[in-house]
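Undergrad: Sharing a structure with you now.
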Amino acid sequence: MDIDGTLLNSKSEISERNSETIAEAAARGIEIVLVTGRRFDFALPIANALPCDLHLIVNNGALAKSRNGTTHLRYMLPAETARQVLAATPEFRGSAAVIFDRPGARQVIMERVDWDDPFRGGYFRRNREYIAEVEPLSDCLSGGEDPIQVMYAGNCAPMRAAMKSLKGLSRARDFTLALTEYEGRDFSILDVLRRDVTKGKALAEWTRQRGFARENVLAIGDNWNDRQMLEFAGSPVLMGNCIAELKECGWPITLSNDEDGVAAAIWDYALNQN
């Protein structure tokens, strides 16, 4: 299941019903995987709030880890590709960050951090220990370490413009774009990942390694970046609050994230089927 807009309600909380239902599923032998655009350390508090064993696919499919930090899948964006992406989008540099797979500090590198930004300030402050400033931003790639991704965040219209600009690059086939939009908040996140990296590809490889057939996978999501995961799953379920365009896919729709839609989906498509 996805985290934001799916597992979490509009107050960024896990409801008691969602928590209890996930624990019940795990107790019946169902494997739980959080599949999110968040970094591992930003997703870990959510994982730790659930009373059961689970795994995480993070950074929109670039990494798969156990809760203890053990890495199972790792798909980094080549540093040279990241450098070219930054060079091609100077007008969006203030919205950009380069994300690394590192323990502790300097996971999120930006040119300048506005701690009071009305859209991103809360994220910045919650992740203060992981954030550093480097100017120019491309200098953070000078050490030869490949990042996980380049991330842009801001209002929906500029992020759509950034996506259009990146799609138009001559080397656009060298990377994958993952868009997450919250139109009600006018906030969007655009991730630039290694070529062919998606939540769906990572989930497919994870299930292959674990010996599960796709027919036995229930996936629950709400946004653009969940689409490939939902396409892979044998039982894709949309949240009632999902973006309108996903509803055109014809997949079943559960309740919203403020109505414990995850719990309802697990009962309807997993627990009541056993």
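Undergrad: Which angle between 0 and 90 degrees, to the nearest 10, do you get for helix 156-167 versus the longest principal axis of the chain when only C-alpha atoms count?
TA: Taking the Cα atoms of the chain, the angle to 156-167 is about 70 degrees.
Undergrad: Follow-up. Please determine, in degrees from 0 to 90 and to the nearest 10, the orientation of helix 199-210 with respect to the longest principal axis defined by the Cα atoms of the chain, where the helix direction is its Cα long axis.
TA: So the helix axis and the longest Cα principal axis differ by about 60 degrees.
Undergrad: Arrange the following residues from fewest to most other Cβ atoms within 10 Å of their Cβ: L73, L86.
TA: Lowest count first: L73, L86.
Undergrad: Additional query: Angle check, please: helix 16-27 long axis (alpha carbons) against the longest principal axis of the chain (alpha carbons), in degrees 0 to 90, nearest 10.
TA: Between the helix axis and the principal axis of the chain, the angle is about 70 degrees.
Undergrad: May I ask you to sort S95, S170 by Cβ crowding, counting other Cβ atoms within 10 Å and putting the fewest first?
TA: S170, S95
Undergrad: Here's another thing I want to ask about it. In percent, what relative contact order does region 124-274 have, based on Cα pairs under 8 Å that are 6 or more apart in sequence?
TA: 15
Undergrad: Right, something else. Counting only DSSP beta bridges with both residues in the chain, tell me the antiparallel percent, nearest 5.
TA: 70
Undergrad: At q = 0.10, 0.14, 0.17 Å⁻¹, work out log10 I(q)/I(0) for region 1-126 with the Debye formula, treating every Cα as an identical point scatterer and leaving solvent out; two decimals please.
TA: Values returned for q = 0.10, 0.14, 0.17 Å⁻¹ are -0.39, -0.73, -1.00.
Undergrad: Let me ask another. Just how far, in whole angstrom, is region 154-219 from region 103-118 if you go by their alpha carbon centroids?
TA: 22
Where a number appears in this text, it was derived from the coordinates with a stated rule and is not lab data. None of the values given here were measured: they were computed from a predicted structure. Heads up, the Cβs are rebuilt from the backbone with ideal geometry, glycines too, and the neighbour counts pull from every protein chain shown.
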